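Everything on this sheet refers to the single structure shown next.
The values are calculated or read from the model by the stated rules, or taken from the named source; none is laboratory data. No experiment lies behind these values; they were computed from the predicted model shown. Virtual Cβ from ideal backbone geometry, glycine too; neighbours counted across all protein chains shown. Surface areas here come from the heavy atoms of the whole protein model, side chains and all, with no ligands, DNA or RNA. Shrake-Rupley method; radii C 1.70, N 1.55, O 1.52, S 1.80 Å.
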Amino acid sequence: MLIRSLFRAGTLLALSLPVLAAPVATLFKDPNCGCCGKWGEHMASHQLPLKSENRSDMSAIKDRLQVPDKLRSCHTASIGGYVFEGHVPADLVQKVLREKPAILGLAVAGMPQGSPGMETGVKQPYQVMAFDARGKQWVYATR
């Protein structure tokens with residue numbers, strides 16, 4: 001009897017606790033771009049699945065999400081309230097989501113060879129830039 005009561009109490013407690021949901025994650029991409037899908041696969045392989053939206057208005061999406069012009073790439077993701085532009089590595093996305101810095105997001109400008117989604121056998125060094133709402137940009141990481 002005591003075991004049943006404890007089990008019921010534990011079940012009720014578990015049902016009353018808030019569910020920790022995965023962050024809202026959307027990948028905005030041009031339907032004709034292959035590397036965008038590969039970047040999405042990279043993210044999913046690191047427990048960051050994305051809902052993919054094919055868009056023809058990528059400039060408008062980037063404008064709305066305040067991606068600086070010189071940091072723009074082929075795709076844009078909105079994850080957990082942050083913006084991730086281009087081929088940002090999943091470990092850095094996870095770091096931002098975990099640490100919650102006061103930034104709008106991270107960006108990898110252009111399409112550097114060897115970055116996630118651009119695995120061609122050639123490795124080109126690149127910078128991952130952070131940016132904020134005031135337009136400030138700085139190097140967050142070098143790969």
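Given the pairs Lys38/Lys123; Lys38/Lys136; Lys62/Lys100; Lys51/Lys95, which are separated by over 26 angstrom at their Cα positions? Where the Cα-Cα span goes over 26 Å, the pairs concerned are Lys38/Lys136. Determine the sum of side-chain charges near Pro31: Lys and Arg each +1, Asp and Glu each -1, restricted to other residues whose C-beta is under 13 angstrom from that of Pro31. Every neighbour counted, the sum reads -1. Residues in the stretch 11-143 average 55 Å² of solvent-accessible surface per residue, probe 1.4 Å, ligands and nucleic acids excluded.
Distance from the alpha carbon centroid of the stretch 95-119 to that of the stretch 28-60 works out to 13 angstrom.
On the principal axes of its alpha carbon atoms, the stretch 72-143 extends 35, 22, 20 Å, with the longest extent given first. Charged neighbours of Pro112, selected by a Cβ distance under 10 Å, balance to +2 (K, R count +1; D, E count -1). Sorting the segments 107-116, 92-101 by their mean number of nearby beta carbons within 10 angstrom, highest to lowest, gives 107-116, 92-101. Among Arg55, Arg134, the order of accessible area from largest down is Arg134, Arg55, computed with a 1.4 Å probe on protein heavy atoms.
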